[in-house]
Structure formats: structure tokens, C-alpha cells
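Every read-out reported here was derived from the displayed coordinates using simple, explicitly stated rules and does not represent laboratory data. Predicted model only: the values in this text are computed from it and were never measured. Here the Cβ positions follow ideal geometry from the backbone for every residue, glycine too, while neighbour counts run over all protein chains shown.
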Amino acid sequence: MHNITQWNLTDIPVSEINSRRDKVMRKITSQGCKAMVCFSSGALLYLTGGALIPTERPMALILKESGEAALLVPRLELEHAWEVAKNVGRIEYYPEYPTEKHPMMYLAELLESMGLAHDTVAADSDGYGAYWGYRGPKLSSLCTDMDLRLFPTLVEELKIIKSPFDQMVIRESARWGNLAHALLQEYTKAGLKELDVVNRASNEATQVMLKTLGPDFKPAGGANAHAGYRGQIGPNSFLPHALTTNATFRKGDTLVTGASAALLGYNSELERVMFVGEPSKEQAKFYSHALEIQKVAYETIRPGIPCSDVDKAVLRYYKENGLMEYWRHHTGHSLGFAGHELPFFDRSDDTVIEPGMVFSVEPGLYVKGLGGFRLSDTVLVTETGIEKITYYPTEIQQVICDL
């Protein structure tokens, strides 16, 4: 049994894995299903706590109503799966893919041996996805007597409400993302190159994080603190999804940052606008708007309203202030286990906001020739509103990089 507290984070507890599986079972049994087959690597991590590397070699997790759990993996993952997968009593393997006998045939045999060949079974897809050149038959074509019912978003939907443990790890991610960002700002100077600064800040933050978490911490697929620019430097920060060009920082540049830390499969999101030297009046004007737009979103988010209301309130600010030509994307998205999860703060997403949801709040302004102005924070929905999980400064004088 792992002793996990805010100060002793080592691994995902078995109790958390079991709670997630219970939610899966309650959902599928209410639909008349006896078991669930999961092919996606994200679902395998979420429901076993073990990070197995997805390649062209298919893997599958089977969860039965009785509580039995079984994995099918390629031979090269067998020992690894036994080591990292929690509360899985049976792991079967196939030799390799491609080979004479297709891995999906092994899966059909495993399902039959578990007494599921003639039952109603749920699955996240009708077979393994087209990944790294994989080709193979559908599960339904091999298990013709099985009543297969597809629930492609079931696991994603279960991730929407974060448990107390989920919230704790996301907070820890934000803590180390904050450190990485502080180092990024400290090391950014005119005349230096993007990747030199990014690598220095990220590597140092990761080293401190791992030393602090201690030798018992299990990375579960990797652990790193990162802060960077992804190419959003100077005029190029006008592009919301720029890619790095390893640009040289110059006096007057507008910078759009991003910082997080990957821990036990969890993430947070922190983004800021920074300036190389004192910002101009135009930069300060758009920065002020960016702060106000984010504030509108904060004041709108509360339990019981649809996500679309948040985006609509933000869009009203754009329209009332003549800023629509600088709009590019919706206000935010859920996150925690992936960078982007459902639901979304989008005018077309009417998912009702509930306590326990975790979102990014990241409206942006993109001004050609001047740069991008996007601040993003991770927030937790509470019973009465929100609690900010990320906390890096936003005052304009606090986001200036010394020349």
C-alpha cells in the first residue's frame, strides 16, 4: 500500500485504479454489457496505472463485471506489463506482429477463455487503431457470436470529473511548471537563442523536481518539467500554433510561453505573455485586453451552466471592444491526463459545468506584426466557482525579461 499525501507522491494507488474501473463497470453494466475491451494506450494507462509503449503491436485490456482484469501484450512487453500494470491477474502474450497468426486471433481466444465469446461486450473501438503501420481485422469479424457495443468516448467521459487524487497530482504538476517558467523568464535575454534557454530552464527544473520527489517516485512513463516558447517569439508569436525556429531573442519581442510538468500521466497548463525589455504602448494595450478577457471567463465559470456560456461571454468582450479580427480559438478545454480533453469552453459545447472539472482558461489575441497575447491558467471548478491551480504572476512589470 502506497502512502500518498501532498508531500509524499510516489505512484498511482491501486485504490485509485479500482475506483476508475468501478466507474467503467457501472456504466457498461447499466447498458447490459458483461465486460469492457480497451485498445487505446490512454485507456490502458488510466485503468492499469502502467505506461506501455504503443506501436504497431496491438495491446488490449479486458475488464469483467466480476472484477477480473486481463491484458494481451506483445512478447516484448510481457515482463514490463507484469511490473507496471496494477491489479491485473492475467497477462497473455503473442510472439510478434506481423507474424503467421495475427495478434487479434490471440485476443479472440483470450475472450473465449474468459467466457465472453457469446456475451454482450463493450469496447472503445472495433479493434486496434491504425497506428505505425498496423493493419488487422475488426474484433466483430473474429467474435461473430459476441454482441459488441462500442463506447468510443467512455473512458474520456470518466476523466471529466477529477478525483481528489487527480487534483493533487495536477497541483503538483503546476508547482513544477511554475518553477520551470520562472527559470525560463530568468534565463531569457536579448541575443540568446530559444532552444539554449528552453533546454537550460527545463533541465534544471526537472532535476530539482526529481530530487524533491525522492527515490521512491515512479515516473509512470516519464517525468519532466518543461517551459518553452514553441517558436512564439517576436512577430512569430502571432501564430497560435507556431513551431520552433530557434530564433534569437531581440529587444522589443513579444513572447508567448508554455509550461507544465508531466507526472504519473498527469499535466497542467500555464501560459504567459512576456516581453524582452519594456513593452510598447501597443503591446501594453493588447496585454491589458488579454488580462480582461481572461477575467471575464473567470467570472463566468461556475457549476450548473453550460461550457458554451463561458465562450459566449468571452466573445461578447471581443465584439464590444472591436477585437474580433484578433480572435483565433475558443476559450479553453478540459485537461489533466492529456493536453486537451473534453469538454471545451466553446460556443457549441453545452456540457454542464460540474465541481471537480479541471480546465485551461486561455483566450488569446493575435496581432500580425506585433505578436500573440495569450495567458492560460489551469483552474478547478468548485461548488461556488473556480480555484486557480496555476499561479504565475500576471502584472505586466512582472513578465518583463531583462535585456
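With θ set to phi - 60° and the Karplus curve 6.51 cos²θ - 1.76 cosθ + 1.60, what are the ³J(HN,Hα) couplings of segment 182-198 in order, to the nearest whole Hz, using x for Gly and Pro?
Result, ordered by residue: 4, 5, 4, 5, 4, 8, 6, 9, 4, x, 8, 9, 3, 5, 4, 6, 4 Hz.
Taking Cα centroids, how far is segment 88-131 from segment 35-51 in Å?
After rounding, the separation between the Cα centres reads 14 Å.
For the chain, set up a GNM with springs between Cα atoms under 10 Å and report which of GLU100, GLU204, GLU77 has the largest fluctuation.
Among GLU100, GLU204, GLU77, the largest mean-square fluctuation in the Gaussian network model of the chain belongs to GLU100.
Pop out the ³J(HN,Hα) list for segment 166-174 in order, Karplus 6.51 cos²θ - 1.76 cosθ + 1.60 with θ = phi - 60°, rounded to Hz; leave Gly and Pro as x.
My calculation for segment 166-174 gives 3, 4, 4, 6, 5, 4, 5, 4, 4 Hz in order.
Between ASP126 and THR245, with labels modelled 7 Å along Cα→Cβ, what's the label distance in nm to one decimal, could you check?
4.6 nm
Spin-label point model (7 Å from Cα, Cβ direction): what's the ALA338 to LYS368 distance in nm?
Simple spin-label model gives 3.3 nm for this pair.
Label 7 Å along Cα→Cβ of SER66; segment 116-156 residues with amide nitrogen under 12 Å?
The answer is 116, whose backbone nitrogens lie closer than 12 Å to the label point.
Report, in debye and to the nearest 20, how large the dipole of the chain comes out about its Cα centre when Lys and Arg carry +1 and Asp and Glu carry -1 on their Cβ. Can you show the working numbers first?
Details: 40 positive and 50 negative charges, 147 e Å.
Here the size comes out at about 700 debye.
Hand me the chymotrypsin sites (Phe, Trp or Tyr not before Pro) from segment 300-403 located in a DSSP loop with no more than 16 other Cβ atoms within 10 Å, in residue order please. If you can, show how the numbers build up before the last one.
Numbers: sites: TYR317, TYR318, TYR326, TRP327, PHE337, PHE344, PHE345, PHE359, TYR366, PHE373, TYR391; in loops: TRP327, PHE337, TYR391.
Of the chymotrypsin sites (Phe, Trp or Tyr not before Pro), the ones in loops of segment 300-403 whose Cβ has at most 16 other Cβ atoms within 10 Å are TRP327, TYR391.
Starting from 0.36 nm per residue, how many nanometres of slack lie between HIS80 and SER19 once their C-alpha separation is accounted for?
Details: separation 61, 0.36 × 61 = 21.96 nm, distance 2.33 nm.
My answer for the length gained is 19.6 nm.
Search the structure for amide H atoms under 5 Å from the amide H of THR244, placed 1.01 Å from N in the peptide plane, and list their residues when 5 or more places away or on another chain.
Sorted by chain and number, the residues that satisfy this are GLY231.
Set the Förster distance to 25 Å, then compute FRET efficiency between THR382 and ARG26 from the Cβ-Cβ distance, nearest 0.05. Numbers along the way, then the final one.
Details: r = 25 Å, r/R0 = 1.00.
In this case the efficiency is close to 0.50.
For HIS329 and ASN87 in the same chain, what is the full-extension length gain: residue separation times 0.36 nm, less their Cα-Cα distance, in nm? Can you show the working numbers first?
Values: separation 242, 0.36 × 242 = 87.12 nm, distance 4.13 nm.
Full extension of this stretch gives 83.0 nm more.
Given R₀ = 25 Å, FRET efficiency for ASP402-GLU204 by Cβ-Cβ distance, to 0.05? All intermediate terms of the calculation are to be shown ahead of the outcome.
Numbers: r = 18 Å, r/R0 = 0.73.
Efficiency for this residue pair is about 0.85.
If amide H atoms are built 1.01 Å from N in the plane of the peptide, which residues on other chains or at least 5 residues away come under 5 Å of the amide H of THR120?
For THR120, the qualifying residues are LYS34, ASP147.
So what J values fall out for segment 307-317 if you push phi through Karplus, 6.51 cos²θ - 1.76 cosθ + 1.60 with θ = phi - 60°, rounded to Hz, Gly and Pro as x?
So the Karplus estimates, Gly and Pro as x, are 4, 4, 4, 5, 5, 5, 5, 5, 5, 4, 5 Hz.
What nm value, rounded to one decimal, do you get for the distance between GLU320 and LYS193 when each label is placed 7 Å out toward the C-beta?
Inter-label distance under the simple model: 4.7 nm.
Can you give me the relative contact order of the chain as a percent, contacts being Cα pairs under 8 Å and 6 or more apart? Walk me through the numbers on the way to the answer.
On the way: 889 pairs, mean separation 54.9, N = 403.
About 14 percent, as a whole number.
Between the alpha-carbon centers of segment 386-403 and segment 279-318, tell me the distance in whole angstrom.
First find each Cα centre; the distance between them is then 16 Å.
Mind checking the dipole of segment 14-157: about its Cα centre, +1 per Lys or Arg Cβ, -1 per Asp or Glu Cβ, Debye to the nearest 20? Intermediate results must be reported in sequence, preceding the final value.
Numbers: 15 positive and 20 negative charges, 52 e Å.
Roughly 260 debye for segment 14-157.
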